[in-house]
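Have a look at the structure below before the remarks.
The values are calculated or read from the model by the stated rules, or taken from the named source; none is laboratory data. Remember, predicted model here, so these are calculated numbers, not experimental data. Reconstructed Cβ throughout: ideal geometry from the backbone, glycine too, with neighbour counts over all protein chains shown. Note: areas computed on protein heavy atoms with side chains; ligands, DNA, RNA excluded. Shrake-Rupley method; radii C 1.70, N 1.55, O 1.52, S 1.80 Å.
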Amino acid sequence: MPKYRTELFGQLIYSPEISYADLLPLEEELIAFARQTLEQFNGRHISFEPEGDHTFFQCVFQRFEDSFFTSIGQTLKQKIDVRVEGKLFFVDKALSAVYFYALNKDALQARKMVLPAAGPIDKAMSEGKVY
């Protein structure tokens, strides 16, 4: 099992109605808050990439569990308002499941997708059996 089992890919999406002058300080504030949040949850190798009306970010975590991801989403949602929305995509490096979260001012929506085993070898290994 890898040391950092989960990879997070996220994005903040800004309303096109925000002026460029207003976008820059808002983006700085949200990046600082997101960085603080990810560090609070022991995120490592955190990076941000602002691009137009989006800020893309990613990091890794040792944990892979839905309650952990929901807590991250709920914390980030504290800064979501009518001007900003967000998406989170948590990937298990073992490729057993993925989680998608959509954040807007009204809701935090979650979807889980369990990936099937590639075959008998993958299934035995994921169950901890010797093949």
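Take every pair of alpha-carbon atoms less than 8 Å apart whose residues are at least six positions apart; their mean separation over the length of region 51-131 yields a relative contact order of 20 percent.
Pull out a ≥ b ≥ c, the square roots of the eigenvalues of the alpha-carbon gyration tensor of region 1-127, then state rounded if a/c is under 1.5, prolate if not and a/b is larger than b/c, and oblate in the remaining case.
Since a/c reaches 1.5 and a/b is larger than b/c, the shape of region 1-127 is classed as prolate.
Structure shown: which of Lys3/Lys87; Lys79/Lys112; Lys3/Lys93 lie over 18 Å apart, alpha-carbon to alpha-carbon? Among Lys3/Lys87; Lys79/Lys112; Lys3/Lys93, the Cα-Cα distance tops 18 Å for Lys3/Lys87; Lys79/Lys112. A straight chain from Asp92 to Arg35 at 0.36 nm per residue would run longer than the Cα-Cα distance by 18.4 nm. Only Cα pairs under 8 Å and 6+ residues apart enter the sum, and on that basis the relative contact order of region 5-87 stands at 48 percent. Between Met113 and Gln78, the simple label model (points 7 Å from Cα in the Cβ direction) yields a spacing of 3.1 nm. With a simple spin-label model that places each label point 7 Å from the Cα along the Cα-to-Cβ direction, the separation between Glu17 and Asn42 comes to 4.2 nm.
Annotation for region 85-131 versus region 30-70: alpha-carbon center distance of 17 Å. Once the Cα-Cα distance is subtracted from the 0.36 nm per residue extended length, the Asp122 to Phe9 segment shows a gain of 38.2 nm.
Taking GluC sites (Glu not before Pro) as exposed when DSSP calls them loop and at most 15 other C-beta atoms lie within 10 angstrom, the chain has its longest site-free stretch at 66-126. When the square roots of the Cα gyration tensor eigenvalues are ordered a ≥ b ≥ c, the ratio a/c for region 58-101 is 1.5 or more and a/b exceeds b/c, which makes its shape prolate.
Split the accessible area of region 17-91 by element, probe 1.4 Å, and carbon with sulfur accounts for 45%. The residues of region 23-131 present an accessible area of 61 Å² per residue when probed at 1.4 Å with all protein chains retained.
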